[in-house]
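Here the structure comes first, spelled out in structure tokens, and everything after it is commentary.
Here, each number is a calculation from the coordinates, and none is a lab measurement. Because the structure is predicted, anything quoted here is derived from the model rather than measured. Every residue, glycine among them, receives a Cβ derived from its backbone with ideal geometry; neighbour counts consider all protein chains shown.
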Amino acid sequence: MKKSRAKIVGTGSYLPHRILSNQDLEKMVETSDEWIVTRTGMRERRIAAPEEFTSTMGAEAGKRAIASAGISADQIDFILVATLTPDYIFPSTACLVQQALGAKRASGVDVQAACAGFPYLLLMAKSFVESGIYKNVLIVAAEKLSSITNYRDRSTCILFGDGASACVVSAEGEGLEIESVCLGADGELADLIVMPAGGCRLPASQQTVAEEQHYIKMAGSEVFKHAVRRMEASCKECLEGLGISEKEISWLIPHQANLRIIDAMAKRFEHLPSDRIFKTVEKYGNTSASSVGIALDELLRRSPLAQGERVLLTAFGAGLTWGAGVLRAT
Ligand code: ACO
């Protein structure tokens, strides 16, 4: 029997309306538009309204992905949500998204791979679909990073924004075949990006709040070096596994953590023209797990791929975790 190949048959994204500009940040911490643009390439990011949550933004992106796939919510068999800002520690954000979508037949679970959540979800969805366990899997990557960002810490608050992305991965229909996904992790470096309190090691207390332990802490320049190396290595692992070269890639979508990281990546892919590296970092900042999916949705809406064209995507984050994937238009 011919094995059915998993394809992305619909994409969607959601960005909150409120814009936080570099000029706004200048009024909040000791920083400057010039410093932020030079060091990160960011000019603005989106911030969720108080009544918007990871689940509501994720459900909106999911609704758009389901519409673009031309199916209905009750055809979704499983929902995978990648986030490091779940609505609650429990119940899962996947259950809240299921309820919001009315996807009554779907089971679901949250996945925590920080900024690398998107490629992690891709591999899980591919496995579910190609094994024949499920027909339609909805993957949702959503973050309300503003809820764990310390707007008194200039080294992190300039970086992060809110938003959500989603894809329907299916055995049937036309779309982007998930040709390959390569993942990695290194828990030896877990302390480089961490939210120290709120888990069972350091439960919430008056002291953890007073010490501002419920925010993202990051060793920025250490993380920077690993990000470039790990994303390059996982991209090359994917290409080698498929026996193709970078010349056969039409677009590279790197995690939108910092323009300098993206530029450093670009130098490592010398055959890929710079206008083929898709960027949203300037307008949305780092939206963690959502970033690659938001960029993929924008790319497909702006310039649909011709049959046979390939996209290489890659992400990196806390854990450390990283991953890459190759998609091919069918
Ligand atoms: N405005 C002005 N000055 C600042 C600011 C700011 N917003 N932030 C830091 N500085 C200062 C520092 O205090 C430091 O000053 P000093 O030299 O007097 O000590 C100086 O600027 C340089 O600081 P660095 O941290 O060395 O700056 P760097 O060039 O490394 O840029 C940045 C920092 C933007 C955070 C960068 O390291 C980076 O992007 N790192 C990677 C982040 C990443 O990839 N994250 C991915 C995963 S995130 C996740 O999983 C949630």
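Can you give me the relative contact order of region 102-249 as a percent, contacts being Cα pairs under 8 Å and 6 or more apart?
Numbers: 134 pairs, mean separation 30.0, N = 148.
Computed over region 102-249, the figure is 20 percent.
Let me spell out the model: positive unit charges on the Cβ of Lys and Arg, negative unit charges on the Cβ of Asp and Glu, origin at the Cα centre of the chain. What dipole size does that give, in debye rounded to 20?
It works out to roughly 540 debye.
With n ≥ 4 as the cut-off for DSSP H runs, can you work out [θ] at 222 nm for the chain, using -39500 (n - 2.57) per run divided by the number of residues, rounded to the nearest 500?
When only DSSP H runs of four or more count, the value is -9500 deg cm²/dmol.
Give the percent of DSSP beta bridges with both residues in region 1-153 that are antiparallel, rounded to the nearest 5.
Details: 4 of 14 bridges.
If I count the DSSP bridges inside region 1-153, around 30 percent turn out antiparallel.
Normalized C-alpha radius of gyration of region 58-130, against 2.2 N^0.38 Å? Display every interim value, and only then the final one.
Details: Rg = 11.8 Å, N = 73, 2.2 N^0.38 = 11.2 Å.
Taking the Cα Rg and dividing by 2.2 N^0.38 Å, one obtains 1.05.
Tell me the label-point distance for the pair residue 274, residue 301, using the 7 Å Cα-to-Cβ offset, in nm and rounded to one decimal.
Each label point lies 7 Å from its Cα, and together they span 2.7 nm.
So, in nm, how far is label residue 39 from label residue 112 when the simple model puts each one 7 Å beyond its Cα toward the Cβ?
With each label point 7 Å from Cα toward Cβ, the separation is 2.8 nm.
Return, ordered by residue number, the residues of region 86-118 whose backbone nitrogen is under 16 Å from a label point located 7 Å along Cα→Cβ of residue 201.
Label zone hits: 113-114.
In a GNM of the chain with a 10 Å cut-off on Cα contacts, which of 314, 31, 287 has the highest mean-square fluctuation?
31
Let me understand region 7-173 better: what is its radius of gyration from the alpha carbons, and its Dmax, in angstrom?
For region 7-173, the Cα radius of gyration and maximum Cα-Cα distance read 17.1, 54 Å.
Mind listing P(r) for region 195-278? All alpha-carbon pairs, 10 Å bins, whole percents.
Cα pair-distance distribution for region 195-278, in percent: 15, 34, 20, 17, 12, 2.
Taking the Cα-to-Cβ direction at residue 224 and at residue 190 and moving 7 Å from each Cα, how far apart do the two end points lie in nm?
Taking the two extended label points, one gets 2.7 nm.
For the chain, what Kirkwood radius comes out of the mean inverse Cα-Cα distance, in Å?
Mean inverse Cα-Cα distance, inverted, gives 19.7 Å.
DSSP beta bridges in region 179-329, what fraction antiparallel, as a percent rounded to 5?
If we restrict to bridges inside region 179-329, about 75 percent are antiparallel.
Roughly what percent of Cα-Cα pairs across region 245-312 reach past 13 Å?
Working: 1403 of 2278 pairs.
Everything past 13 Å amounts to 62 percent.
Using Cα-only point scatterers and the Debye equation, what is log10 of I(q)/I(0) for region 179-329 at each q in 0.15, 0.22 Å⁻¹, rounded to two decimals?
Those come out to -0.78, -1.43, one per q.
Once every Cα of region 105-144 carries one equal point scatterer and solvent is ignored, give the base-10 log of I(q)/I(0) from the Debye formula at q = 0.20 Å⁻¹, two decimals.
Log10 of I(q)/I(0), two decimals: -0.61.
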